[in-house]
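**Q** Got a structure here, written out as C-alpha cells. Questions coming.
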Amino acid sequence: MATSRQQLNHQRKYEALLPSLPEYVRDYILALEENERSASTILNYVIDIKSFLGWLQSQGFAGEGPMKDISHEVLATLPLDAARAYFNQVSNEEIQISRSESKKREKASVNRKKSALRSLFKYLTTQTEQADGEPLFHRNVMQKISVIKPKETLNERSRKLADSIFQEDDDVAFLDYLLYEHERSLSARQRPYFLRDKERDFAILSLFLGSGIRLNELADIRLRDLHVQNSSISVIRKGNKLDSVHVIPEVFEDIESYLGVRSERYGGTDAEHEYLFLSKYKKQATPLSVRTIQDLVKKYTKSYRKEMSPHKLRHTYATNLMGESKDLSLVMEQLGHSSTSTSVLYVHSTQEKAKRAAEALGARRNRARPDKD
C-alpha cells in the first residue's frame, strides 16, 4: 500500500507541473504513461525538462513569457555548444546536502538528466507527426551529448549482481516462506487479501524464478501460450519476436493451482485469447498490469528480507541456470539475449563461491604453517 500511495503522490506532483509546460512536452509525458513508465521516473523527467526549459529562458534562447509558450523551434535550433554548456553547469552545480555541507552533483544524476532530454528529443524527432506526416523537427542536438557511465570490470559488475539476487537455495526458501510463513506476519486486515490472491501471486513469483522471463513477457502471457506437455511457454520477445521458453516443470503445478481459482475469484474464462494473470476491477476480469506485478514482487521480497524487482528474479534464474548447466548458449537462448555481452555476466556471478574458496585457501595456509607456540 505504501508503494501505491507513493506512486500516486508522484503522479499528482508531475500532473500539477504539466500545465506550465509546452504542449509537445505534455504529449511526450502521455507517451511515457502509455509505455507504463513508473510515476517516479516520469516525475524526475518532468523536473529535469522543466529545469532545462528554465535555463533556456535564463540564457536568452527562449522568450521571457510563460514556459508553456516555448516553441519546439527553440529546441530544433539549439546550438551544440549551448547544450554542452547546460550540462557543464549541471555537472558543476553545488548540491546542498545539509546546512553546512554541499557537494557536486553525482555522475549518475547528470546521466539521468541527459537521458531525460535525449529521450524527449528522440520523441520529438522520431515519434511526433505534423499534418504533412513529418516530425516536429529533424535535427537532434541531444544525440551528440554522450552519457558517460562509470567503467567497471566484469568481476565488479558480477559482484553487484550477486549482492542483489537470491544466492544458493534462497529462491526456494523464499517460495516456501510465501507458502507457509508469510501469512503469520500479516494483520487481521491484511490476511484476507493475501489469501484471496495467494495462488495467483505465488504462480507469478514461481514463474519468474522458474523461467527467467521479463516482466512484460509475463504480463502478456495468454492461456494459449501455456504448453504443459513439453513444459514451455510462448512469449513475445523484444522486437516482437515469438519465442518458446522452457520452464521448470513444477512451475506448471503452481499455475494449475491458480487456474483452479482463476474463474471464481477474478471472473476469467477458459478462452484461449484471455490473459493468464488477472485482477478484478468493477466486477470485471482485467489483465494484471505491469505496475501491479512490479509492486507485488517488491512487497513479497521485502517481507521476506531482500527487496527485489522482477529483473532481479530474472537474474536469479539465469545465475542458477548457468550454475547447473555451465552452458552459456543455453542461458542466452532462455533469456532471449542476442549477444554474449550480457549472458557472460552469469559465468562470473559466483561471488559467494569465490569467497568460500578464499576462506578454504586461508585455512589451508594456516594448516601448513608450523605451530607458532
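The values are calculated or read from the model by the stated rules, or taken from the named source; none is laboratory data. Everything numeric in this text was worked out from a predicted model, so none of it was measured. Positions of Cβ are generated from backbone atoms using ideal geometry, with glycine treated the same way; all protein chains shown enter the neighbour counts. The area values use the complete protein model at the heavy-atom level, side chains included, leaving out ligands, DNA and RNA. Shrake-Rupley method; radii C 1.70, N 1.55, O 1.52, S 1.80 Å.
**Q** Could we say that Leu8 is without any contact (Cβ under 8 Å) to a residue 60 or more places away in the chain and open to solvent by less than 70 Å² (accessible area, probe 1.4 Å) here?
**A** No, not satisfied.
**Q** Residues that are free of Cβ contacts under 8 Å to residues at least 60 places away in the same chain, part of a helix (DSSP H, G or I) and open to solvent by less than 60 Å² (accessible area, probe 1.4 Å): does region 304-323 have at least one?
**A** Looking through region 304-323, at least one residue is free of Cβ contacts under 8 Å to residues at least 60 places away in the same chain, part of a helix (DSSP H, G or I) and open to solvent by less than 60 Å² (accessible area, probe 1.4 Å).
**Q** Right, here's the next one. Given the conditions (1) modelled with pLDDT under 95; (2) not in a strand (DSSP E or B), report the number of the one that Leu296 does not fulfil.
**A** (1)
**Q** Restricting to region 55-77, count the residues that are outside any helix (DSSP H, G or I) and surrounded by 13 or more Cβ atoms within 10 Å (Cβ to Cβ).
**A** So the answer is 6.
**Q** Identify the residue in region 254-282 that is in contact (Cβ under 8 Å) with a residue 40 or more places away in the chain and of a type in the set (A, V, I, L, M) and, among all such residues, is nearest to Val172 (Cα to Cα).
**A** Of everything passing the filter in region 254-282, Ile255 is nearest to Val172 (Cα to Cα).
**Q** Identify all residues within region 21-50 that are closer than 20 Å to Leu78 by Cβ and touching a residue at least 40 places away in the same chain (Cβ under 8 Å); write none if there are none.
**A** Matches in region 21-50: Leu21, Pro22, Glu23, Tyr24, Val25, Asp27, Tyr28, Tyr45, Asp48, Ile49.
**Q** Right, here's the next one. Condition test on Glu15, is it without any contact (Cβ under 8 Å) to a residue 12 or more places away in the chain and exposed (fewer than 12 other Cβ atoms within 10 Å of the Cβ)?
**A** Judged against the criteria, Glu15 is not a match.
**Q** While we're on this one: Are any residues in region 159-174 out of contact with any Ser or Thr (no Cβ under 6 Å at 6 or more places or on another chain), assigned to a helix (DSSP H, G or I) and under 18 Å from Glu307 (Cβ atoms), and if so, which ones?
**A** Lys160, Asp163, Ser164, Asp170, Ala173, Phe174
**Q** Moving to a separate point now. Which of the residues that make up region 287-336 are more than 18 Å from Leu218 (Cα to Cα) and small (Gly, Ala, Ser)?
**A** The answer is Ser303, Gly323, Ser325, Ser329.
**Q** Whether any residue in region 78-100 is of a type outside the set (S, T, N, Q), more than 25 Å from Leu136 (Cβ to Cβ), open to solvent by 50 Å² or more (accessible area, probe 1.4 Å) and in a helix (DSSP H, G or I) is what I want to check.
**A** Scanning region 78-100 turns up no residue that is of a type outside the set (S, T, N, Q), more than 25 Å from Leu136 (Cβ to Cβ), open to solvent by 50 Å² or more (accessible area, probe 1.4 Å) and in a helix (DSSP H, G or I).
**Q** On to the next question. Considering Val110, Val46, Val25, which residue is open to solvent by less than 20 Å² (accessible area, probe 1.4 Å), modelled with pLDDT under 95 and within 30 Å of His138 (Cβ to Cβ)?
**A** Val110
**Q** Okay, next question. Mind listing whichever residues of region 283-292 are without any contact (Cβ under 8 Å) to a residue 60 or more places away in the chain and in a loop (DSSP other than H, G, I, E, B)?
**A** Lys283
**Q** Quick one: Ile95 ticks every box in (1) under 27 Å from Arg26 (Cα atoms); (2) touching a Lys or Arg at 6+ places or on another chain (Cβ under 6 Å); (3) among the aliphatic types (A, V, I, L, M) except a single one, so which number is it?
**A** (1)
**Q** Answer yes or no as to whether Phe52 is closer than 21 Å to Leu18 by Cβ and either open to solvent by 10 Å² or more (accessible area, probe 1.4 Å) or among the aromatic types (Phe, Trp, Tyr) (or both).
**A** yes
**Q** So the check is Cβ under 9 Å with 6+ separation or different chains; which pairs have a first residue in region 96-107 that's closer than 19 Å to Asp48 by Cβ and a second one that's modelled with pLDDT under 80 and small (Gly, Ala, Ser)?
**A** Taking only residues 6 or more apart or on different chains, the pairs are Gln96/Ser102.
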